[in-house]
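Visitor: I am attaching a structure below and will ask some questions about it afterwards.
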Amino acid sequence: MNQFVILVDFRLKPGAKAAFLRLINENARASCREEPECHRFDVLAAEKEADRIVLYEIYKDRAAFDAHIRTAHFAQFNEASAALVAEKKVTEFVLVCEGSAA
């Protein structure tokens, strides 16, 4: 079965980046530590767009992602970060080739 990938593109409110990064980094670490079916959770900062953060997440399957969004750490992040976000775009993918795999 192909893995489920989610890309989340955040545009933050001016001045919100430091607080947002504290929250999302904690959520990413908890996801990788506590969810065995979360295979990757990267937090990316755009070099030339100060208020843009992108998440790249890989899960075993859609059910694993659905379980992720029911966790306490996700709920805490989602509630605490809402006031910091100006815009959020979510795109779902299926991983068809992992270039680094042997």
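Visitor: In the Gaussian network model of the chain, springs joining C-alpha atoms below 10 Å, which of 79, 57, 34 carries the largest mean-square fluctuation?
Guide: Per the Cα network of the chain with a 10 Å cutoff, 79 tops the list.
Visitor: Give me the dipole magnitude in Debye, nearest 20, for the chain about the Cα centre, with unit charges on the beta carbon: positive for Lys and Arg, negative for Asp and Glu.
Guide: 280
Visitor: Just grab the label-to-label distance for residue 62 and residue 75, each label 7 Å out from Cα along the Cβ direction, in nm (one decimal).
Guide: About 2.4 nm, to one decimal.
Visitor: What are the lysines whose alpha-carbon lies under 22 Å from the alpha-carbon of residue 17, with same-chain residues fewer than 8 places away excluded?
Guide: Residue 17 reaches 48, 88, 89.
Visitor: Let me ask you something else. I want to check the label-to-label distance for residue 100 and residue 13. Put each point 7 Å from Cα in the C-beta direction and report it in nm to one decimal.
Guide: That separation, rounded to one decimal, is 3.5 nm.
Visitor: Another question about this same structure. Would you compute, from DSSP H runs of 4+ residues alone, the mean residue ellipticity of the chain at 222 nm, taking -39500 (n - 2.57) per run and dividing by the full residue count, rounded to the nearest 500?
Guide: Mean residue ellipticity, 222 nm, calculated: -10500 deg cm²/dmol.
Visitor: Right, another one. In nm, to one decimal, how far is the modelled label at residue 21 from the one at residue 50, with both set 7 Å along Cα→Cβ?
Guide: 1.3
Quick note: the coordinates plus some simple rules give every number you see, no bench work behind them. Treat the numbers as computed from the prediction; the structure is a model and nothing was measured. A quick note on method: Cβ atoms are made from the backbone with ideal geometry, for glycine too, and the neighbour counts reach across all protein chains shown.
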